[in-house]
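Rule-based calculations on the coordinates, nothing more; no lab input. The model shown is predicted, which means the values in this text are computed figures rather than measured ones. Note that each Cβ is placed from the backbone with ideal geometry, even for glycine, and that neighbours are counted across all protein chains shown.
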């Protein structure tokens with residue numbers, strides 16, 4: 001019998017790599033500059049390439065968008081989440097690295113302990129700013145074989161169904177007091193997930209139209225009634241979970257359900273509780289890590305997004 005190939009291992013930045021690449025703030029600033037302006041420094045206001053080095057507090061000056069004798073002065077931090085921070089750039093880089101190397105995330109409390117911050121709020125604000133940035137990555141509509149599914153996150157333990165782990169098991173399907181997240185994943189590709197208010201046909205159709213290309217080869221969903229009126233020009237197949245059917249040829253939702261497993265294990269086991277107000281930021285984080293899982297330079301992609 002032929003042995004199945006083991007999944008390809010992608011070497012991403014280790015702690016040793018981090019220490020070697022970023023010994024001080026100057027090295028971090030140089031790395032940020034190269035990722036932000038790979039073709040050369042540009043003015044963040046007018047994108048002018050003809051900028052001049054500034055000898056003192058700022059890095060560069062632009063006379064095009066501020067033609068006076070002073071000019072517009074800017075540093076590499078302007079327009080990033082690091083602007084006006086009182087934390088060294090290397091500290092920000094360290095927190096980003098911690099978040100990217102934890103498959104199920106790292107809590108703000110753990111970041112606070114690890115980094116030795118005097119305030120939990122400092123760690124919480126930094127992590128949320130990073131999550132906002134991770135949601136700014138350029139998006140392309142999904143093609144090929146795509147799966148769409150919705151799930152429920154959060155809620156009180158008394159409202160959850162009993163799963164294999166008993167009451168409170170994250171696998172429960174009860175919707176009481178929970179928040180709804182819908183997702184679409186391209187098999188062997190990227191995932192897109194959004195927090196939604198309801199699972200009616202109009203909401204699900206709008207999500208599919210925004211995230212899935214009409215050039216899709218097959219769109220797989222379960223038999224939720226909200227999917228039954230999808231655009232008829234999209235090849236659509238359903239599996240009937242209520243009848244115990246989970247795979248029908250190429251039609252299944254196993255890939256997106258695997259992503260939901262990562263999200264729920266992270267929220268239950270790492271963050272414990274996430275409010276609806278900030279749930280979309282945590283979804284940003286899980287989505288970014290999943291989509292960059294095969295990228296050896298996931299750290300560089302995160303810094304570019306910041």
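Key figures for this structure:
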quantity: Helix 25-36 vs. the chain, principal-axis angle (Cα, 0 to 90°, nearest 10); calculated: 60
quantity: Region 84-148 and region 225-297: distance between their alpha carbon centers, rounded to Å; calculated: 21
quantity: Residue 102/residue 66 FRET efficiency (R0 51 Å; Cβ-Cβ; nearest 0.05); calculated: 0.75
quantity: Shape call, region 236-306: gyration tensor on alpha carbons, a/c limit 1.5; calculated: oblate
quantity: Among beta bridges that DSSP assigns inside the chain, antiparallel share in %, nearest 5; calculated: 70
quantity: Choice from 131, 45, 36 showing the highest fluctuation, given a GNM over the chain with Cα pairs closer than 10 Å; calculated: 45
quantity: Gained length - residue 25 relative to residue 247, 0.36 nm times residue gap less alpha-carbon distance; calculated: 74.7 nm
quantity: Gained length - residue 223 relative to residue 115, 0.36 nm times residue gap less alpha-carbon distance; calculated: 34.2 nm
quantity: The chain: most fluctuating residue of 66, 213, 261 per GNM, C-alpha cutoff 10 Å; calculated: 66
quantity: Calculated P(r) tail over 26 Å for the chain, as whole % of Cα pairs; calculated: 55
quantity: Label-to-label distance, nm, for residues given as residue 39 and residue 17 (7 Å Cα→Cβ offset); calculated: 2.7
quantity: Highest-MSF residue in the chain out of 237, 249, 177 [GNM, Cα springs under 10 Å]; calculated: 249
quantity: Relative contact order %, the chain, counting alpha carbon pairs below 8 Å whose residues are six or more apart; calculated: 19
quantity: Sum of -39500 (n - 2.57) over DSSP H runs of 4+, divided by residues of the chain (222 nm, nearest 500); calculated: -10000 deg cm²/dmol
quantity: Relative contact order computed over region 9-150 (Cα-Cα under 8 Å; 6+ residues apart), in percent; calculated: 14
quantity: Principal axis box of region 191-261, alpha-carbon based, largest edge first, Å; calculated: 28, 26, 22
quantity: Principal axis dimensions, region 28-89 - Cα atoms, whole angstrom, descending; calculated: 32, 26, 19
quantity: Extension gain from residue 234 to residue 141, taking 0.36 nm per residue of separation minus the Cα-Cα distance; calculated: 32.1 nm
